[in-house]
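Working notes, beginning with the structure itself.
The numbers here are math on the coordinates, done by the rules we state, and not lab data. Values in this document were obtained by computation on a predicted structure and should not be read as measured data. Reconstructed Cβ throughout: ideal geometry from the backbone, glycine too, with neighbour counts over all protein chains shown.
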Amino acid sequence: MWDILEWAAWAVSAAIFLWMVYDAWQVSQKYSEDTLISSREGVDELVEKKGS
Amino acid sequence: MADQAIGQSRPQAINLLKVLGPVHVWALGVGIVLVGEFMGWNYAVGKGGALGCLIAMWVIGLLYTCVAMIDSEITSTVAAAGGQYAQAKHTIGPLMAFNVGLYLVFAYTMLEAGDVQVVGYLVQIGAGDLTGSAPTNWQPWVLLSLMILAWLNYRGVFMTLTVNFWITFIAFLSIIVLFIGVEPWNPGKILLHKDLLTDLPYGWLGVLAALHFAIWFYLGIEGTCQAAEEVRSPGRALPLGTITGIITLLIAAGLTWYVAVGLLPWEYVGWDLELAPLYDVAKISGSKFLHIFLFIGTLFSAIASANGCINDASRAWFSMGRDRYLPVWFAAVHPKYRTPFRSIIFLIPIAIIFALYVPLAQVITFSILSGLLNYTFMPINMWKFRRKWPLGTIIRGFEHPFHPLPAAVLLALCIATFFAVYLGYGHQLLAMMLFYIVASIWFVVFRYKYVRRADQFTMPWPRPQGY
């Protein structure tokens, strides 16, 4: 039984990894690079309060 | 926002989601560390005996309390992913920040590799103990656990850390239940401290050597800072999550030591070939419930640690990419899940290679050394932070007391611990230092020219004093 479970573990692992790579590739095709790397460092709400 | 496709002008920013609260911060910090209560710390008993380990546990507990206090103050103000990397960028400079970023990525990726390796071994050990038949190979379980956790991280930070909260809570609960199960109010019945505790077998040098492995009790609590950009209220959630986290760990460390050395001879605890001393204690307690519950607790602690490490390593890598310390390609945020998806995927094969091909002790030593280098940076960071922006010049979510005492104590304890590591792993320590020196040269000569210098300083603070 463990042999089957081990093969299943290999297969599920490969499937998950391939799904992530495929999704990442799809996202990179659909969105521009400028959009994907557009994030900016967060600002603490304490600082925002002080500035307002 | 997520609909911004190729061809459209003026892309809106896709940022990491601010969805986390103090509970998630606690789950991240304690989740990464708690596995150290289930295994690894016991080698400190091998170095210094049971009482030597207790002393080392207190000393290193003090080191990490200083870490938690310092981190809580600075990160409550520097609300950016990357944690100590972002702090270094603001308080010291690019070269320090680059090194700190690498310390973080290595510390967490190596710990993650060690954690999933442990998961693989535990599946074998637990299946053999509880069902009578065990799988032949541990590798499939290493890979499966790593992939499921990576997938969870890829799909979103809220679910990742909510899961981490529950499995960490169950693991912590298993320690409490074990403590109650061995009837500490009835000394001599199950717990035999009077018979088992000895003097310091290797004297005070053994206690010093034990500092290296006592780090396991707390290694990774500083990981709470990596959540800074994704918490709803950094000024409140980060100090609250970090301080309650270190308190939880100090309690868990005390209970763990008390139970383990009260049931097993120090020679066995110190060189435990069965990997997990608390699980061994549960096995010999005679209770099937404790046996099963501690297996679950041990397994969950390793999974929670790997989960938190994937989160933290990817945030540090992502932040360095965003500042162009690394290729900016790594700074991409998933438009739907709002996670640093390329950084998560990129670090998976590295963790797999270390998990499958490098012995556990080596992997963990790499992690500890990188962690120690990070802690050594913290006192310098704190001094610079308070000198450049004294109290009152910027709003802090938390102000730690007695400055500069915690920073001075932290620096002194880091030096003592480096010496302890040098006693046992001198070659690895020197190799690691060499690696960071070579990496620094690469950064200065080949990489820094790509960094947009004016963009690095992102916090809207006043000009620092003296500038």
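Sorted from largest down, give the three principal axis spans of the alpha carbons of the protein assembly as shown, whole angstrom values.
On the principal axes, the protein assembly as shown reaches 72, 57, 41 Å in Cα extent.
Using a 7 Å offset from the Cα along the Cα-to-Cβ direction at both A:Asp3 and B:Ala13, what is the distance between the two label points in nm, to one decimal?
The modelled label-to-label distance comes out at 5.7 nm.
In degrees between 0 and 90, to the nearest 10, how far off the longest principal axis of chain B does helix B:341-357 point, with axes built from Cα atoms?
The two axes meet at around 30 degrees.
Report, in degrees rounded to the nearest 10, the 0 to 90 angle that the Cα long axis of helix B:139-155 makes with the longest principal axis of chain B.
For helix B:139-155, the angle is close to 40 degrees.
Say R0 is 41 Å: what FRET efficiency, to the nearest 0.05, do B:Phe158 and B:Trp204 get from their beta-carbon distance?
Numbers: r = 48 Å, r/R0 = 1.17.
Computed FRET efficiency for B:Phe158 and B:Trp204: 0.30.
How big is the dipole moment of the protein assembly as shown about its Cα centre under a simple scheme where the beta carbon of each Lys and Arg is +1, that of each Asp and Glu is -1, and everything else is neutral? Debye, nearest 20, please. Write out the running numbers ahead of the final one.
On the way: 31 positive and 30 negative charges, 367 e Å.
Charge dipole, the protein assembly as shown, about its Cα centre: 1760 debye, nearest 20.
To the nearest 0.05, what FRET efficiency results for B:Trp185 and B:His427 with a Förster distance of 45 Å applied to their C-beta separation? Spell out each step's value before the answer.
Details: r = 47 Å, r/R0 = 1.05.
Calculated value: 0.45.
Restricting to lysine pairs 8 or more places apart or on different chains, what number in chain B have Cα atoms under 27 Å apart?
For chain B, the number of qualifying lysine pairs is 13.
For chain B, find the longest principal axis of its Cα atoms and tell me its angle to the long axis of helix B:234-263, 0 to 90°, nearest 10.
Its long axis makes an angle of about 20 degrees.
Sorted from largest to smallest, which semi-axis lengths in Å does the alpha carbon gyration tensor of chain B give for its equivalent ellipsoid, taking the root of 5 times each eigenvalue? Display every interim value, and only then the final one.
Values: eigenvalues 267, 129, 82 Å².
Ellipsoid half-lengths, sorted descending, are 37, 25, 20 Å.
So if I restrict to the alpha-carbon atoms in segment B:293-351, what is the Rg, and what is Dmax, the biggest pairwise distance, in Å?
So, for segment B:293-351, Rg and Dmax equal 14.1, 46 Å respectively.
Which of B:Ser133, A:Ser32, B:Ser301 has the fewest other C-beta atoms within 10 Å, and how do the rest follow up to the most? It would help to have the intermediate numbers written out before the result.
Numbers: B:Ser133 9, A:Ser32 16, B:Ser301 34.
Fewest to most other Cβ atoms nearby, the residues stand as B:Ser133, A:Ser32, B:Ser301.
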